[in-house]
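Enquirer: Take a look at this one; I'll ask things after.
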Amino acid sequence: MMIKRAMLAMLGLVLLVSVGVRAADLQKDEAMLGTWTVVFYEVDGKVLEAYNGNFYEFSAGNHPYLGGLFYTFSRKGEPDEEGFYTIDATKNPKWLDISNTYTLDWLGYSDVNWYTYRGIYKLEGDRLTLSYCDCLPERRPTEFKSAGGNLMVLQRLKK
């Protein structure tokens, strides 16, 4: 029995190393799980108080379609969008990519596409800061500010 446990532990370690995930990164990801309320929302230097009170739910492992790490964004208490996310806690600032679907209706033709916001995040206890570009998904911010055009978003959330 002891040998079986040791072999399973070694297999788990080999799998983690083979996909490039460090144990410290998994622990940081665990701290993101749960419900986060938007307390500050700014786009291109303009504060949008209407977003305050909306919330994100970051979850792991049991979504029926998305599996792994997924999120739900709720506006006025109602789920508004959901998708999946990935993090890279080895980067400085840390990277957070949020992917969801959107429907494109064009001349009666409807198509569902994936859209990924490439952002950065900072986790400090019960505070989470996010920054991403709402207009150019391939553009990842390098600092936590919303000035500079192109619909740069800065959000502060509280657990």
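The values are calculated or read from the model by the stated rules, or taken from the named source; none is laboratory data. From a predicted model like this one, the values you see are computed outputs, not experimental measurements. Methodologically, a virtual Cβ is constructed for each residue, glycine included, from the backbone with ideal geometry; neighbour enumeration extends over all protein chains shown.
Enquirer: Might you let me know whether the stretch 128-141 holds any residue that is under 14 Å from the mean Cα position of the chain (by Cα), surrounded by fewer than 18 Cβ atoms within 10 Å (Cβ to Cβ) and modelled with pLDDT of 90 or more?
Expert: Yes: one or more hits.
Enquirer: Can you give me the number of residues within the stretch 11-70 that are assigned to a loop (DSSP other than H, G, I, E, B) and at pLDDT 85 or above? So that I can check it myself, show each step before the final result.
Expert: Filtering the stretch 11-70 for residues assigned to a loop (DSSP other than H, G, I, E, B) gives 19-22, 33, 44-45, 48, 52-54, 64-66.
This time we only want the ones that are at pLDDT 85 or above, so: 33, 44-45, 48, 52-54.
So the count comes out to 7.
Enquirer: Write out, first by first residue and then by second, each pair whose Cβ atoms fall under 9 Å of each other, whose residues are 6+ apart or on separate chains, and whose first residue, in the stretch 125-147, is within 18 Å of SER99 (Cα to Cα) and touching a residue at least 60 places away in the same chain (Cβ under 8 Å) while the second is assigned to a strand (DSSP E or B) and of a type in the set (Val, Ile, Thr).
Expert: Between residues of the stretch 125-147 that are within 18 Å of SER99 (Cα to Cα) and touching a residue at least 60 places away in the same chain (Cβ under 8 Å) and residues that are assigned to a strand (DSSP E or B) and of a type in the set (Val, Ile, Thr), the close pairs are ASP134/VAL43; ASP134/VAL153.
Enquirer: Sticking with this one: Say we look at the stretch 102-127 and pick out the residues that are within 20 Å of PHE84 (Cβ to Cβ) and surrounded by 12 or more Cβ atoms within 10 Å (Cβ to Cβ); which of these is modelled with the lowest pLDDT?
Expert: Restricting to residues being within 20 Å of PHE84 (Cβ to Cβ) and surrounded by 12 or more Cβ atoms within 10 Å (Cβ to Cβ), the top hit is TYR115.
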